[in-house]
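**Student:** Following this message is one structure expressed as structure tokens.
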Amino acid sequence: MMATPRFPEPIVPDATWGRRGESPAEWLARSTLPRAVAARQFLNSQLAALPDDLQSVIFVALRSRWQSAFFEMIVARTLQLLGASISAEPEGIDGSRIDFAARFTDLPVNIEAVSPIIDAEAGEAVKLHVPLLDIIETLVPEGWGAMVLELPRLGPNDSKRQFRQEVANMMALLPARSTRSVDFTADLPKGRIHLCLYPGIDGDQRILMEPAITSWNNSEQRIRRAALRKKRQARAANGPSLVAINAGGISSKFEDFDVALFGRTYEQFDPRLGVIGKGFQPDGLFAGRRSEPPILAGVLAFVNVGFRQIPDPVLYLHPRFTENLPESLLMLERRYLDPAGEGIGMTPSQHPGVMTGLRFVPNDI
């Protein structure tokens, strides 16, 4: 008998997208949009391929910590595609727990998975906007839509009374009939409200555009911290350990791992901005001059893990790791610090297209 899917199809039709503040798990529990259907199929197929104990752990975790649990699922499935059998949370020598023990046909390896929050400040700004956007949405009259251009920085414990009153005053000034947009601004102690209202908007959608969020790419720092944070579990593990890290920022790329783990290239300029020299600064996390064996054998790097197709992971090897790793892992693209410390070397993948085996949600859905 076929097992009951972890994410069943909703009984009541609901062709709506996710609401502000709604978690992916909550949206998937109710929406019947084609993308939601495809996302549930993807989740159910990936979870069903995992050992029973591991799929139960990840399913429960998806309800409370979606991003990290989703990434753990993808890491486990990637290891399976590479030929490993997976054990969930084996106990280390000090009693700490390792995320996965992956046993390949030739060698075992321990895997710690972590999905750090990239562009965290942007995420916090979005959270602060949610209650303000909800207030605006309830006050915009029928037949109008609002482009929200600026919002004050009101925290969760700040009173929203003045904000609500200012928005209500704006809505009261809207003409009964109009064919032109109306622009409103109001300055509060913690920032400006700037709304542009457009007439002739049908349906329930009152917010036409939310304010832009500016951010800077802090992938390098987050990758370093993620690797350092997982050292304790790796230190207690039996056998070689890798940390799988997802760089999921808007502009994250594998080159962020290059800099975080190995170092960066640089150029020197003369007063006329002519290039007079180039070099490499080995100042990454793995580039220290210690002599003892490393705690981590390396990092398994992922970028922008989600429902859509992602690139194959890249294996970053610690320069002081001299033991063996499973041959299947070494078939991935490998990056390593040049022995002379003069740059980053790369060995192309011998098994391209690994991640296509997961059958991600198509881009046209």
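Derivation of every value follows stated rules applied to the coordinates shown; laboratory data play no part. Note that the structure is predicted; figures quoted are calculated from it, not measured. Note that each Cβ is placed from the backbone with ideal geometry, even for glycine, and that neighbours are counted across all protein chains shown.
**Student:** Sticking with the crude label model, points 7 Å out along Cα→Cβ, report the distance from Leu139 to Ala38 in nm, one decimal please.
**Tutor:** 3.9 nm
**Student:** Further question on the same structure: For percent of Cα pairs over 34 Å apart, pick the label among [x] 30; [y] 43; [z] 21 that corresponds to the value derived from the coordinates.
**Tutor:** Among [x] 30; [y] 43; [z] 21, the one calculated here is [y].
**Student:** Lys127: which aspartates and glutamates have alpha carbons under 14 Å from its alpha carbon, excluding same-chain residues fewer than 8 sequence positions away?
**Tutor:** Glu22, Asp119, Asp158, Glu210
**Student:** Mind checking the stretch 278-365 for GluC sites (Glu not before Pro) that DSSP puts in a loop (not H, G, I, E or B) and that have at most 14 other Cβ atoms within 10 Å? Intermediate values should be presented prior to the final figure.
**Tutor:** Numbers: sites: Glu323, Glu327, Glu333, Glu342; in loops: Glu323, Glu342.
Sparse-neighbourhood loop GluC sites (Glu not before Pro): Glu323, Glu342.
**Student:** How far apart, in nm, are two points set 7 Å out from the Cα along the Cα-to-Cβ line at Arg153 and at Ser23?
**Tutor:** 2.9 nm
**Student:** Can I ask one more? Leu188: net charge of surrounding residues, Cβ under 14 Å, Lys/Arg +1, Asp/Glu -1, itself excluded?
**Tutor:** Working: positive: Arg153, Lys160, Arg161, Arg164, Lys190, Arg192; negative: Glu150, Asp158, Glu166, Asp187.
Charge balance near Leu188 sits at +2.
**Student:** Per-residue ellipticity at 222 nm for the chain, helices alone: DSSP H runs ≥ 4 residues times -39500 (n - 2.57), over residue total, nearest 500 deg cm²/dmol?
**Tutor:** On the way: 10 runs with 106 residues, N = 365.
Only helices count here, giving -8500 deg cm²/dmol.
**Student:** About the Cα centre, and with charges only on the beta carbon of Lys, Arg (+1) and Asp, Glu (-1), how big is the dipole of the chain? Nearest 20 debye, please.
**Tutor:** On the way: 40 positive and 42 negative charges, 91 e Å.
It works out to roughly 440 debye.
**Student:** To continue, here is another question. Counting other beta carbons within 10 Å of each Cβ, put Asp158, Asp364 in order, fewest first.
**Tutor:** So the residues, fewest neighbours to most, are Asp364, Asp158.
**Student:** Work out from phi, with θ = phi - 60° and the Karplus expression 6.51 cos²θ - 1.76 cosθ + 1.60, the ³J(HN,Hα) of each residue of the stretch 21-37, listed in order in whole Hz, and give x for Gly and Pro.
**Tutor:** x, 7, 6, x, 5, 5, 5, 5, 6, 10, 6, 10, 4, x, 5, 5, 4
**Student:** Sticking with this structure for a sec: For the stretch 233-365, what number results from the quotient of the Cα radius of gyration and 2.2 N^0.38 Å? All intermediate terms of the calculation are to be shown ahead of the outcome.
**Tutor:** Details: Rg = 17.3 Å, N = 133, 2.2 N^0.38 = 14.1 Å.
Dividing the Cα radius of gyration by 2.2 N^0.38 Å gives 1.22.
**Student:** Additional query: Using 0.36 nm times the number of residues separating Ala49 and Arg272, minus their current alpha carbon distance, what extension gain do you get? Intermediate values should be presented prior to the final figure.
**Tutor:** Numbers: separation 223, 0.36 × 223 = 80.28 nm, distance 6.04 nm.
The span from Ala49 to Arg272 would gain 74.2 nm if fully extended.
**Student:** While we're on this one: Quick one: longest stretch of the chain between exposed loop chymotrypsin sites (Phe, Trp or Tyr not before Pro), exposed meaning at most 14 other C-beta atoms within 10 Å and loop per DSSP?
**Tutor:** Values: sites that count: Trp17, Trp216.
After excluding every exposed loop site, the longest remaining stretch is 18-215.
**Student:** Oh, and also: Spin-label point model (7 Å from Cα, Cβ direction): what's the Ile11 to Ile207 distance in nm?
**Tutor:** Using points 7 Å along Cα→Cβ, the separation is 3.1 nm.
**Student:** When only C-alpha pairs under 8 Å and at least 6 residues apart count, what is the relative contact order of the chain, in percent? List each step's numbers first, then the result.
**Tutor:** Details: 646 pairs, mean separation 56.1, N = 365.
About 15 percent, as a whole number.
**Student:** Which FRET efficiency value, to the nearest 0.05, do you get for Ala172 and Ser349 by plugging their Cβ-Cβ distance into 1/(1 + (r/R0)^6) with R0 = 56 Å?
**Tutor:** Numbers: r = 62 Å, r/R0 = 1.11.
In this case the efficiency is close to 0.35.
**Student:** Also: Taking 20 °C and 1.002 mPa s as the conditions, I'd like the Stokes-Einstein D for the stretch 120-209 in µm²/s, using the Kirkwood hydrodynamic radius from alpha carbon pairs.
**Tutor:** On the way: Rh = 13.5 Å.
In µm²/s, the coefficient rounds to 159.
**Student:** Whole-Hz ³J(HN,Hα) for each residue in the stretch 282-293, computed from phi via Karplus 6.51 cos²θ - 1.76 cosθ + 1.60 with θ = phi - 60°, x for glycine and proline: what do you get?
**Tutor:** Each residue of the stretch 282-293 in turn: x, 10, x, 4, 8, 9, x, 9, 5, 10, 6, x Hz.
**Student:** Sticking with this structure for a sec: Would you order Thr32, Thr105 from fewest to most other beta-carbon atoms within 10 Å of each residue's own beta-carbon? Intermediate results must be reported in sequence, preceding the final value.
**Tutor:** Values: Thr32 15, Thr105 10.
Taking fewest neighbouring Cβ atoms as first place, the list is Thr105, Thr32.
**Student:** Might you report the magnitude of the Cβ-based charge dipole of the stretch 120-209 about its Cα centre, with Lys and Arg at +1 and Asp and Glu at -1, to the nearest 20 debye?
**Tutor:** Numbers: 10 positive and 12 negative charges, 45 e Å.
Magnitude of the dipole: close to 220 debye.
**Student:** Further, regarding this structure: I want the local charge near Gly203. Using Cβ-Cβ distances under 13 Å, sum +1 for each Lys or Arg and -1 for each Asp or Glu among the other residues.
**Tutor:** Details: positive: Arg206; negative: Glu137, Glu142, Asp202, Asp204.
Summing Lys and Arg as +1 and Asp and Glu as -1 gives -3.
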